[in-house]
Amino acid sequence: MTAVEVQPGVWLHPTGALWLPDCGAALVADLHLGYAWALRRRGQLGPLVGGGVDERLQVMLEELQPKHLILLGDLVHAPRPSAEERAVVEARLAAIRQQTEVLLVKGNHDRGFERDFAHLGLEVATEWRAPGWRAVHGDNPVTPTPGERLAVGHFHPAIGLRDAAGARRRTPAALIYPRLIALPAFSPLAAGVDVRRALPPELQALTGGARGVVYAVTGSHVVRVAEIGR
């Protein structure tokens with residue numbers, strides 16, 4: 001896989017991770033670990049699969065070798081996990097923490113994380129900052145700070161593309177604005193919002209009316225596909 005430089009010093013990995021080599025940090029959003037098991041617990045009888053999140057994370061970590069991994073919210077899908085959900089979360093975090101330092105920026109799905117997984121001792125915060133950068137999940141109102149670029153998750157941006165057979169598929173996408181980057185959901189199981197149809201009002205407000213670029217992330221490639229905004 002090859003990361004693509006979408007702004008000077010800012011790289012987008014085909015898995016959907018944002019790579020900031022000057023900070024030694026990779027940012028990923030919306031893993032939703034335990035998703036299928038949480039749905040089964042609520043009576044939905046879909047297949048118990050993880051959507052390849054483990055494999056995508058491992059590929060990204062091996063290729064980028066970040067010093068810091070910033071999880072931009074919704075690490076887990078639901079509070080009060082079952083034994084199966086707990087095992088998924090604990091195994092994945094244990095594997096990650098053997099390779100890099102991890103910070104969880106809490107999202108709305110992580111409301112019970114500090115209670116449910118207190119024994120893990122994972123660092124949890126409401127935001128991440130580095131020189132020139134601020135990163136939040138995006139579920140709460142935020143005012144961009146002058147002079148800083150803002151990275152958010154939460155909105156699950158995607159774009160409809162046609163494959164070689166002519167079928168239209170919704171593909172995760174990153175939105176790149178001069179001062180804002182909206183990351184796709186890292187989990188392929190998390191449905192996305194087609195940004196060419198409409199942006200959520202909360203996300204639209206963060207763009208400041210600027211024109212943005214949409215990059216599709218297929219898991220193996222990063223492809224610039226459209227511009228949006230005025």
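The values are calculated or read from the model by the stated rules, or taken from the named source; none is laboratory data. Only a predicted model underlies this, so the values are computations on that prediction, with no experimental measurement involved. Positions of Cβ are backbone-derived with ideal geometry, glycine not excepted, and every protein chain shown enters the neighbour counts. Protein only, heavy atoms only, side chains kept; ligands, DNA and RNA dropped before computing areas. Shrake-Rupley method; radii C 1.70, N 1.55, O 1.52, S 1.80 Å.
Mind checking which pairs have a first residue in the range 40-63 that is modelled with pLDDT of 85 or more and a second that is surrounded by 17 or more Cβ atoms within 10 Å (Cβ to Cβ) and assigned to a loop (DSSP other than H, G, I, E, B), Cβ under 6 Å, 6 or more apart or different chains?
ARG56/THR15; MET60/HIS13; MET60/THR15; MET60/ALA17
Test of understanding: among THR171, THR126, THR143, which residue is β-branched (Val, Ile, Thr) and at pLDDT 95 or above?
Working: THR171 fails: at pLDDT 95 or above; THR143 fails: at pLDDT 95 or above.
Result of the check over THR171, THR126, THR143: THR126.
Is it fair to say LEU161 is in a strand (DSSP E or B), aliphatic (A, V, I, L, M) and open to solvent by 40 Å² or more (accessible area, probe 1.4 Å)?
On the way: in a strand (DSSP E or B): yes; aliphatic (A, V, I, L, M): yes; open to solvent by 40 Å² or more (accessible area, probe 1.4 Å): yes.
Here the answer is yes, as LEU161 does meet what is asked.
Do the conditions hold for GLU227, that is, is it acidic (Asp, Glu) and under 23 Å from PRO146 (Cα atoms)? Break it down stepwise before answering.
Working: acidic (Asp, Glu): yes; under 23 Å from PRO146 (Cα atoms): no.
No: the conditions fail for GLU227.
Just to verify a result, which residue in the range 73-99, among those that are in a loop (DSSP other than H, G, I, E, B), within 24 Å of GLU62 (Cβ to Cβ) and without any contact (Cβ under 8 Å) to a residue 40 or more places away in the chain, is most open to solvent (accessible area, probe 1.4 Å)?
The qualifying residue most open to solvent (accessible area, probe 1.4 Å) is GLN98.
Report, by residue number, each residue of the range 174-230 that is in a strand (DSSP E or B), open to solvent by less than 60 Å² (accessible area, probe 1.4 Å) and not hydrophobic (A, V, I, L, M, F, W, C).
Listed by number, the residues that qualify are ASP194, GLY212, TYR215.
What are the residues in the range 1-21 that are part of a loop (DSSP other than H, G, I, E, B) and open to solvent by 10 Å² or more (accessible area, probe 1.4 Å), if any?
Let us first name the residues in the range 1-21 that are part of a loop (DSSP other than H, G, I, E, B), namely 1-3, 8-9, 13-17, 21.
Once the filter is applied, which keeps residues that are part of a loop (DSSP other than H, G, I, E, B) and open to solvent by 10 Å² or more (accessible area, probe 1.4 Å), the range 1-21 yields MET1, THR2, ALA3, PRO8, GLY9, PRO21.
Taking the range 105-160 as the search range and keeping residues that are of a type in the set (Lys, Arg) and out of contact with any strand residue (DSSP E or B) (no Cβ under 7 Å at 6 or more places or on another chain), which one is nearest to GLY192 (Cα to Cα)? Break it down into steps so the answer makes sense when it comes.
Quick first cut of the range 105-160, residues of a type in the set (Lys, Arg) only: 106, 111, 115, 129, 134, 149.
Keeping just the survivors that are out of contact with any strand residue (DSSP E or B) (no Cβ under 7 Å at 6 or more places or on another chain) gives 111, 115, 129.
Working: ARG111: 22, ARG115: 29, ARG129: 26 Å.
Filtering first and then ranking leaves ARG111.
Within the range 137-155, track down each residue that is crowded, with 23+ Cβ neighbours inside 10 Å, part of a loop (DSSP other than H, G, I, E, B) and out of contact with any helix residue (DSSP H, G or I) (no Cβ under 8 Å at 6 or more places or on another chain).
Going residue by residue through the range 137-155, those that are crowded, with 23+ Cβ neighbours inside 10 Å are 137-138, 151-155.
Subset that is part of a loop (DSSP other than H, G, I, E, B): 137-138, 153-155.
Residue satisfying the conditions is GLY153 alone.
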